[in-house]
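These notes are about the structure you will find just below.
The values are calculated or read from the model by the stated rules, or taken from the named source; none is laboratory data. Predicted model only: the values in this text are computed from it and were never measured. Here the Cβ positions follow ideal geometry from the backbone for every residue, glycine too, while neighbour counts run over all protein chains shown. Heavy atoms of the whole protein, side chains included, go into the accessibility calculation; ligands, DNA and RNA do not. Shrake-Rupley method; radii C 1.70, N 1.55, O 1.52, S 1.80 Å.
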Amino acid sequence: MPDDAALSEGASPRPPDGRWTEPFRALRHRPFRHFWLAQAISLTGSWMQGVAQRWLVHQITRPHSEAMLGITNALTALPVLFLAPVAGALADRFERRRILLGVQLVATAIALTLWLLTLTGWVRLWHILALALMMGCVRAFDVPTRQSFWVELVGRADLMSAITLNSAVVNLSRILGPSLGGVVIETVGITNCFLFNALSFLPPILVLWKMPSLGSVNAQTANLLVSLREGIGHLRDNLVVLRLLLLVGAWSLFGGQFEVLLPVLADKVYGVGAKGYGFLFAAWGVGALIGAVFAASMEQRWRRGQLVIVGSLCATVGLASLSFVRHFPLALPLLALVGLGMVTQNATCNTLVQSLVPDSLRGRIMGFYSLMFIGLIPLGSLFYGTVAFFAGALKALLIGALCFAFAALTLLTQDIPRLP
């Protein structure tokens with residue numbers, strides 16, 4: 001892999017200290033800057049399609065759409081559980097830029113297919129489920145490749161900035177995408193959401209197409225199974241990286257999927273309806289944006305291991321406190337605290353993992369990271385749905401917070417606090 005000087009080719013020379021503030025210093029790299037802006041457009045389109053797809057499923061299957069909505073959502077994440085390690089191994093074998101380009105092209109084809117089926121009135125439930133599964137497969141190859149691609153664009157020195165800026169744009173699109181999707185559905189029809197998503201893939205396709213080769217191909221002669229075993233062996237030998245991955249997995253299982261209960265909280269606990277549900281989601285997203293800036297700003301002042309602990313603590317306290325709140329205004333700052341802690345923890349874990357693994361194994365380890373971060377989402381949704389069914393939504397939040405707190409306490413008491 002090229003050194004940091006080579007990685008910065010095409011970027012502005014490093015300016016004097018203070019001209020590029022710490023959270024945004026990755027933007028001085030031109031390839032990253034262009035790809036980041038293109039990704040912001042693409043992710044907004046993806047969230048628009050997600051909202052439109054759920055609404056379309058609801059229309060087709062109402063009045064008993066809950067089960068189908070859950071299945072559709074699970075199909076977009078389940079392939080990550082099974083394919084992410086394989087995708088990570090391929091990211092270590094082939095040029096990551098080309099993999100991402102192929103991923104964007106396939107995702108465009110899926111969005112266009114859904115647009116045409118909806119436009120012509122031929123769309124059926126099985127079409128939506130099949131396309132959701134295909135998009136889940138695309139996601140399985142996109143996430144580990146994209147995560148291991150940042151270091152090629154910015155180098156190790158600016159990796160934390162790149163990861164947190166990526167988290168910021170993901171959460172900003174999480175706020176903008178559903179809002180724009182709702183407006184488009186209401187004004188010009190659901191079909192146009194799918195068309196906009198297809199068009200939103202054009203900016204990253206053009207950026208990746210024009211981007212020069214960054215030399216990410218590793219000359220591997222071992223077959224894929226041996227490559228996967230090599231990645232597993234590294235995790236077995238590197239317990240610090242393994243603990244960081246398990247911490248991310250614990251959040252996906254016991255923490256992050258509390259969002260499936262937000263409609264219940266808005267309707268049955270706070271009595272604020274659909275508009276209040278939007279505010280709950282937005283508060284979480286705003287907190288996540290603040291967390292991204294906070295994590296990048298504090299990187300040079302605190303140890304990263306300390307940032308992981310602070311993030312885990314904020315997320316746990318926010319989630320546990322939310323379980324005792326029955327007043328809507330009090331819920332908003334607590335959701336923001338959960339978002340802040342979530343991004344601080346996960347973005348710092350991502351950076352630490354990539355800093356602690358050799359370049360030759362980066363794709364495979366990020367494949368396992370993606371498995372923990374996204375692949376466990378269906379199980380986390382099942383956990384919250386089941387506990388809430390038997391114990392109620394508020395008690396489910398408390399049980400989830402306690403389970404995550406126990407896992408975090410177990411994993412964070414050894415090597416992680418001393419990490420640089």
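Using the Karplus relation 6.51 cos²θ - 1.76 cosθ + 1.60 with θ = phi - 60°, the per-residue 3J(HN,Hα) values for segment 182-193 come to x, 5, 5, 4, 6, 9, 10, x, 5, 4, 5, 5 Hz, with x marking Gly and Pro.
Calculated from DSSP H runs of 4 or more alone, at -39500 (n - 2.57) each and per residue, what is the 222 nm mean residue ellipticity of the chain, nearest 500? Walk me through the intermediate numbers first.
Numbers: 17 runs with 310 residues, N = 420.
Mean residue ellipticity, 222 nm, calculated: -25000 deg cm²/dmol.
Of all lysines in the structure, those lying under 16 Å Cα to Cα from residue 395, and not within fewer than 8 positions of it along the same chain, are 268. For a straight C-alpha distance cut-off of 20 angstrom, no lysines are reachable from residue 210 once same-chain residues fewer than eight places away are disregarded.
When the chain is treated as a GNM with alpha-carbon contacts under 10 Å, the residue of 358, 203, 79 showing the greatest mean-square fluctuation is 358. Each Lys and Arg adds +1 at its Cβ and each Asp and Glu adds -1 at its Cβ; summed about the Cα centre, segment 23-92 shows a dipole of about 420 debye. 3J(HN,Hα) along segment 228-233, derived from phi through the Karplus expression 6.51 cos²θ - 1.76 cosθ + 1.60 where θ = phi - 60°, amounts to 5, 4, 4, x, 5, x Hz, with x in place of Gly and Pro.
Rolling a 1.4 Å probe across all protein chains gives residue 302 an accessible area of roughly 90 Å².
How big, in percent, is the set of alpha carbon pairs in segment 245-391 lying more than 21 Å apart? Every Cα pair in segment 245-391 considered, those over 21 Å come to 47 percent. With all pairs of different C-alpha atoms in the average, the Kirkwood value for the hydrodynamic radius of segment 289-365 is 13.3 Å. Projecting the Cα atoms of 59, 340, 266 onto the charge dipole of the chain, computed from C-beta unit charges around the Cα centre, puts 266 farthest toward the positive end. Springs join every pair of Cα atoms under 10 Å in this Gaussian network model of the chain, and among 45, 385, 311 the largest mean-square fluctuation is at 385. Computed from the Cβ-Cβ distance with R0 of 45 Å, the FRET efficiency linking residue 395 to residue 213 stands at 0.25.
Think of each Lys and Arg Cβ as +1 and each Asp and Glu Cβ as -1; about the Cα centre, that makes the dipole of the chain roughly 140 debye.
With +1 on each Lys and Arg Cβ and -1 on each Asp and Glu Cβ, how big is the dipole of segment 269-420 about its Cα centre, in debye rounded to the nearest 20?
Details: 9 positive and 3 negative charges, 20 e Å.
Magnitude of the dipole: close to 100 debye.
Placing dummy labels 7 Å off each Cα toward the beta-carbon, the span from residue 112 to residue 359 is 3.6 nm. Sequence-ordered 3J(HN,Hα) estimates for segment 389-400 from the Karplus curve with 6.51, -1.76 and 1.60 and θ = phi - 60° stand at 4, 8, 10, x, 5, 5, 5, 4, 4, 5, 5, x Hz, glycine and proline given as x. With a Förster radius of 45 Å applied to the C-beta separation of residue 71 and residue 328, the computed FRET efficiency comes to 0.90.
List the equivalent ellipsoid semi-axes of segment 40-163 in whole Å, largest first, each obtained as the square root of 5λ for an eigenvalue λ of the Cα gyration tensor.
On the way: eigenvalues 191, 41, 38 Å².
Ellipsoid half-lengths, sorted descending, are 31, 14, 14 Å.
Dipole of segment 175-290 (Lys/Arg Cβ +1, Asp/Glu Cβ -1, origin at the Cα centre): which of 175, 279, 232 lies farthest to the positive side? Farthest towards the positive pole: 232. The largest accessible area among 270, 384 belongs to the first residue in 270, 384, and the rest follow in falling order (1.4 Å probe, all chains). When the chain is treated as a GNM with alpha-carbon contacts under 10 Å, the residue of 122, 55, 209 showing the greatest mean-square fluctuation is 122.
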